[in-house]
Structures are given as C-alpha cells and as structure tokens.
1. List pairs: first in the stretch 176-201 and touching a residue at least 12 places away in the same chain (Cβ under 8 Å) and closer than 15 Å to ILE219 by Cα, second among the basic types (Lys, Arg) and part of a loop (DSSP other than H, G, I, E, B), Cβ under 6 Å, 6+ apart or cross-chain?
2. Before we move on, is SER79 farther than 10 Å from ALA35 by Cβ, touching a residue at least 12 places away in the same chain (Cβ under 8 Å), hydroxyl-bearing (Ser, Thr, Tyr) and more than 13 Å from the ligand (Cβ to nearest atom)?
3. Scan the stretch 238-257 and give yes if some residue there is free of Cβ contacts under 8 Å to residues at least 40 places away in the same chain, out of contact with any helix residue (DSSP H, G or I) (no Cβ under 7 Å at 6 or more places or on another chain), assigned to a loop (DSSP other than H, G, I, E, B) and within 16 Å of the ligand (Cβ to nearest atom), otherwise no.
4. How many residues does the stretch 68-90 contain that are farther than 11 Å from ARG111 by Cα and surrounded by 13 or more Cβ atoms within 10 Å (Cβ to Cβ)?
5. On the basis of being within 30 Å of VAL36 (Cα to Cα) and in contact (Cβ under 8 Å) with a residue 24 or more places away in the chain, does GLY209 make the cut?
6. Among the residues of the stretch 252-279 satisfying the criterion of being within 9 Å of the chain's Cα centre (by Cα) and among the β-branched types (Val, Ile, Thr), which is farthest from GLY170 (Cα to Cα)?
7. Any residue that is among the β-branched types (Val, Ile, Thr), buried (at least 24 other Cβ atoms within 10 Å of the Cβ), closer than 20 Å to SER150 by Cα and within 22 Å of the chain's Cα centre (by Cα) - is there at least one of those in the stretch 228-250?
8. Considering only the stretch 265-282, how many residues are among the β-branched types (Val, Ile, Thr) and more than 11 Å from the ligand (Cβ to nearest atom)?
Amino acid sequence: MSVLIDGRAMARELVERTAIAVAELEADGISPSLAVVLVGNDAASEVYVQRKIVQCAKAGIRSIEHRLAGDCDEATLMSLIEDLNRDAGVHGILVQLPLPAAFDASAILDRIAPEKDVDGFHPVNVGRLSTGTGGLVPCTPLGIMMLLDSVIEDYRGLNVVVIGKSNIVGKPVAMLLLEREATVTVTHIETRNLPDIARAADVVIAAAGAPHLVRGYWIKPGAIVIDVGITRMRDHDGSTKIVGDCATHELEHAKAVTPVPGGVGPMTIACLLSNTVAAARNLGARSSPP
Ligand code: GUN
C-alpha cells in the first residue's frame, strides 16, 4: 500500500510560512509584490494565472496582473518588462508560458532582471542552479524537492530517473538532485528501453506530459513516484478530468506517490510565493544602507 504524498497540505503550510515572512518584511517597510504578465487568452494559462493570484492574496503578497493582446507586438511586451525591471515596488516578474507562437519566448525571458525572475528561467539563474551557486530556482522543481524531502532523508547514491528534459522541470530538477548527490538519469521521448531504465530507479519523476505513460510494471517495489503530469482529458460521460503521467492505480507496490491533482501542482504555486518573498528580501537588502 503506497503512501499518498499530500501536496495540498504541504502547499498550505508553505503559504502560511510565506505569510509570516511577508509580515516580517512589511515590518521592515518592504511589501512583496509580484507582476504577472499574461499574453493572449490561452484557457489553461488563464486558470493558472488566477490560481497564482488567489494564493498571492492568501500570503499577503500584492499581485499586479498585466494582460496583453495575443497579437500585440514583441516590442510592447519587452517595454513592459523593462518598466517592471525598473519599478522598485515590483519584486517578482512572471511571464506566463506558453506565449503565442509569434513571440520569441527565450528572448523575452532573457529580458527579465535575474533578481526579479521568480520563475528561475533567466540564463543567469539557470547557470547559478547548474553550478550550485544560489539564484532563484524554478518553482516546480523546488516543489518536487520539498515533496521528496517529506519521504527521503538522504539522497546520496539513490538512483533517480527523470522522464522529460524540459527547461521548466526535467533539467532543473536533475540539477537539484545532483546537488544532493543522487545518481540522476534524464530520459526523454527518444530514450530506448524506458520501462527497463525506470524499473531500476529508487525515485521516478514523470514529467513527460503524456497521460498514464508510466505503468505499474515500470516501477520497482518500494520506489517513490512523483507525477508532474497535468493533462485535461474528456471522460466517457463528457465531463473533463485532470490526468497525470502515471497510472497511479497500478502503483500500489510503490513506497509513496504524488496524486494528480493535489500533488506537484499546489507546491508549484506555493514555491512561486516563497520565491517572490526571497526576491523581495534580496532586493530590500541591496537597497538598504549598510
Ligand atoms: N507555464 C507552465 N508552467 C509554468 C511556470 O512554471 N511558469 C510560467 N511562467 N509559465 C508556466
């Protein structure tokens, strides 16, 4: 019987701790604030942005939503980012992805000031993560590590298989695990014998965006499984439901698994809030007199 790792409860606790940190910063005259930029009207992005804004309010973080039309030109978005970079009242900047296809997403993410890049996507923060020298860390990998910390004490020598090599999850989570001295294998769509590779793992992190890709026979007894997938699927009765990358009902022999929904998703948002507070603290420390 596997343990379900309760991401909702852990996220609630992190939001509560973040609210305390916000109150402490406010006592020092700093009001943490997050600018959220949404370009176009992608339905899933609208939902995610609203969730982020609701959780900001719970932690006492001021959120400012900037909406741009999907057909606006790139210069308009760049100039908004420049304004937010200069605005001393803004501590975190998030541009919701995916951007409409006409935008050069990587050029846009590069324009965000690294110290306000609460997504941890700027090359400076990516470089810091890969050299283990601090910086802001992407929210989903940060949340995954907190979920894993609730069931793993010592990562040294553990075999971890990451399925998916995205810049948002696969690559950064591999870096965090390497820092903890796990042995990490990053796999992807072209990987051969994936079930065999996964079966050797103590921990499997499924971040492929492929519903029910990971089957029970891929997982060795006693392994830990983190399911990052969130695919909206239509049920037989016409209703929709969110499905993860793992066939969770086949994972009774695992030691622990994260549910979908209610696992990684809530932790991602809670980590965005804690990153915003970290950015506000760092920026505040820089601007205060010695
Ligand atoms: N789209 C999906 N995940 C993310 C994320 O973590 N940050 C941003 N900015 N967009 C996303």
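Every read-out reported here was derived from the displayed coordinates using simple, explicitly stated rules and does not represent laboratory data. All of these numbers come straight from a predicted model, not from anything done at the bench. With ideal geometry, Cβ positions are generated from the backbone for all residues, glycine too; neighbour counts draw on all protein chains shown.
1. Listed by first residue and then by second, the contacts come to ARG199/LYS220.
2. Values: farther than 10 Å from ALA35 by Cβ: yes; touching a residue at least 12 places away in the same chain (Cβ under 8 Å): no; hydroxyl-bearing (Ser, Thr, Tyr): yes; more than 13 Å from the ligand (Cβ to nearest atom): yes.
Here the answer is no, as SER79 does not meet what is asked.
3. First, the residues of the stretch 238-257 that are free of Cβ contacts under 8 Å to residues at least 40 places away in the same chain: 238-244, 247-250.
Okay, now just the ones that are also out of contact with any helix residue (DSSP H, G or I) (no Cβ under 7 Å at 6 or more places or on another chain), so 238-244, 248-249.
Then keep just the ones that are assigned to a loop (DSSP other than H, G, I, E, B); that gives 238-239, 244.
Checking the rest, the ones that are also within 16 Å of the ligand (Cβ to nearest atom) come to 244.
Scanning the stretch 238-257 turns up at least one residue that is free of Cβ contacts under 8 Å to residues at least 40 places away in the same chain, out of contact with any helix residue (DSSP H, G or I) (no Cβ under 7 Å at 6 or more places or on another chain), assigned to a loop (DSSP other than H, G, I, E, B) and within 16 Å of the ligand (Cβ to nearest atom).
4. 6
5. Working: within 30 Å of VAL36 (Cα to Cα): yes; in contact (Cβ under 8 Å) with a residue 24 or more places away in the chain: yes.
Yes: the conditions hold for GLY209.
6. Selected residue: ILE269.
7. Residues of the stretch 228-250 that are among the β-branched types (Val, Ile, Thr), as a first pass: 228, 230-231, 240, 242-243, 248.
Subsequent filtering for residues that are buried (at least 24 other Cβ atoms within 10 Å of the Cβ) retains 228.
Adding the requirement that they be closer than 20 Å to SER150 by Cα leaves 228.
Still in the running and within 22 Å of the chain's Cα centre (by Cα): 228.
Yes, the stretch 228-250 has at least one match.
8. Taking the stretch 265-282 first, the residues among the β-branched types (Val, Ile, Thr) are 268-269, 276-277.
In the following step, the residues that additionally are more than 11 Å from the ligand (Cβ to nearest atom) were identified as 276-277.
Count: 2.
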